[in-house]
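If you scroll down you'll find the structure; I have some questions about it.
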Amino acid sequence: YQGIDLIVVDDKSTDNSLQILKSFGEKITVLEHAQNKGQAAAINLALSRAKGQYIAILDSDDLWLPDKIKSQVDYLESHSDIGIVYGNGWAIDAEGKKIYPIYTDHKETNDPILVVLDCYVVLPNNSLFMRALLDKTGFFDESLRAAQDHDMAIRLAEITKLSYINQDMFRYRRHSGSISNNGALTRWRNGFTILN
């Protein structure tokens with residue numbers, strides 16, 4: 001898919017990521033924080049600069065397959081009643097080896113309560129959604145240093161219809177240094193904040 005405006009936020013990395021990003025020149029927009037503010041703040045900074053009709057978010061250690069964006073844009077453009085489309089993928093280890101599929105025998109029910117209970121819509125990585133929806137939901141909650149994507153998925157599911165494409169579209173990396181691996185307790189506590 002050619003019509004992509006790629007916005008990358010460096011959230012005060014401690015390696016040479018910023019120099020690598022800047023080496024791409026005008027091919028990508030590089031934004032940076034003066035101090036580490038967390039994933040929600042980094043995503044919000046990018047969203048504040050995004051001008052496209054659709055939004056897709058990719059975490060730094062995960063991967064999209066080449067046809068993901070095109071398949072999802074085509075789907076949304078032929079289904080005007082849908083605001084979020086998401087697809088299937090695989091969890092992978094640090095070396096990229098497949099561990100398990102994200103979904104098996106999955107069906108979308110469009111019940112926001114199930115999104116609350118199961119958090120099965122992964123906004124970073126597997127989803128594409130209409131930018132206009134953010135006018136109603138607002139941006140990601142920066143007070144949540146974990147589970148901010150779950151919070152946003154719930155807010156979106158309350159105002160729009162979702163659709164699932166059973167197509168292999170992404171890779172979700174699981175390793176000992178990942179935020180999802182190390183932040184389980186914080187995500188659990190934030191779950192109660194989100195419910196409240």
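What's the local net charge at LEU76, with K and R +1, D and E -1, over the other residues with C-beta under 15 Å away? Mind showing how you got there, number by number?
Details: positive: LYS68, LYS70, ARG131, LYS161; negative: ASP67, ASP74, GLU77, ASP81, GLU108.
So the environment of LEU76 carries a net charge of -1.
Also, quick follow-up: Who wins for biggest fluctuation among ASN126, ASN16, ASN88 in a Gaussian network model of the chain, springs between alpha carbons below 10 Å?
ASN16
Can you send over the carbon and sulfur percentage of the accessible area for the chain, probe radius 1.4 Å, protein chains only?
Values: 5660 of 11100 Å².
Percent of accessible area from carbon and sulfur atoms in the chain: 51.
Further question on the same structure: Could you report the accessible area of LYS37 in Å², rounded to 10, computed with a 1.4 Å probe on the protein chains as they sit in the structure?
90 Å²
Please state the charge dipole magnitude for segment 71-168, taken about the Cα centre, from unit charges on C-beta atoms (+1 on K and R, -1 on D and E), reported in debye and rounded to the nearest 20. Spell out each step's value before the answer.
Working: 8 positive and 16 negative charges, 9 e Å.
Approximately 40 debye in magnitude.
As a test of the formula, what do you get for the chain when each DSSP H run with n ≥ 4 contributes -39,500 (n - 2.57) and the sum is divided by the residue count, at 222 nm and rounded to the nearest 500 deg cm²/dmol? Walk me through the numbers on the way to the answer.
Numbers: 9 runs with 69 residues, N = 196.
Taking each H run of at least 4 residues, the total per residue is -9000 deg cm²/dmol.
Separate question: Can you divide the C-alpha Rg of the chain by 2.2 N^0.38 Å and report the result to two decimal places?
Values: Rg = 16.3 Å, N = 196, 2.2 N^0.38 = 16.3 Å.
Cα Rg divided by the expected 2.2 N^0.38 Å: 1.00.
Which net charge results when you count Lys and Arg as +1 and Asp and Glu as -1 among the other residues whose beta-carbon is under 13 Å from that of GLU95? Write down the numbers at each step before the final one.
Numbers: positive: LYS97, LYS98, ARG171, ARG173, ARG174; negative: ASP61, ASP93.
Here the count lands on +3.
A follow-up question, please. Quick one: length gained pulling LYS107 to LYS161 fully straight, 0.36 nm per residue minus the C-alpha distance?
18.1 nm
Would you mind estimating how fast segment 2-115 diffuses translationally, via Stokes-Einstein at 20 °C and 1.002 mPa s with the Kirkwood radius over Cα pairs, in µm²/s? Could the numbers behind the result be given before it?
Working: Rh = 16.8 Å.
Approximately 128 µm²/s, per Stokes-Einstein.
Another question, then. At 1.4 Å probe size, with every protein chain present, just tell me what the per residue accessible area of the chain comes to in Å².
On a per-residue basis, 57 Å².
Give me the net charge for the shell around GLN39: Cβ to Cβ below 10 angstrom, other residues only, Lys and Arg +1, Asp and Glu -1. Please list the in-between numbers first.
Values: positive: LYS37, ARG145; negative: ASP11, ASP59, GLU142, ASP149.
In short, -2.
If you don't mind, another one. Reachable lysines from LYS107, Cα under 16 Å, same-chain residues fewer than 8 places away excluded?
The reachable lysines, counting only those whose Cα sits under 16 Å from LYS107, are LYS161.
The values are calculated or read from the model by the stated rules, or taken from the named source; none is laboratory data. From a predicted model like this one, the values you see are computed outputs, not experimental measurements. As a convention, Cβ positions derive from the backbone with ideal geometry for all residues, glycine included, and neighbour counts pool all protein chains shown. With ligands, DNA and RNA removed, areas are computed over all heavy atoms of the protein, side chains included. Shrake-Rupley method; radii C 1.70, N 1.55, O 1.52, S 1.80 Å.
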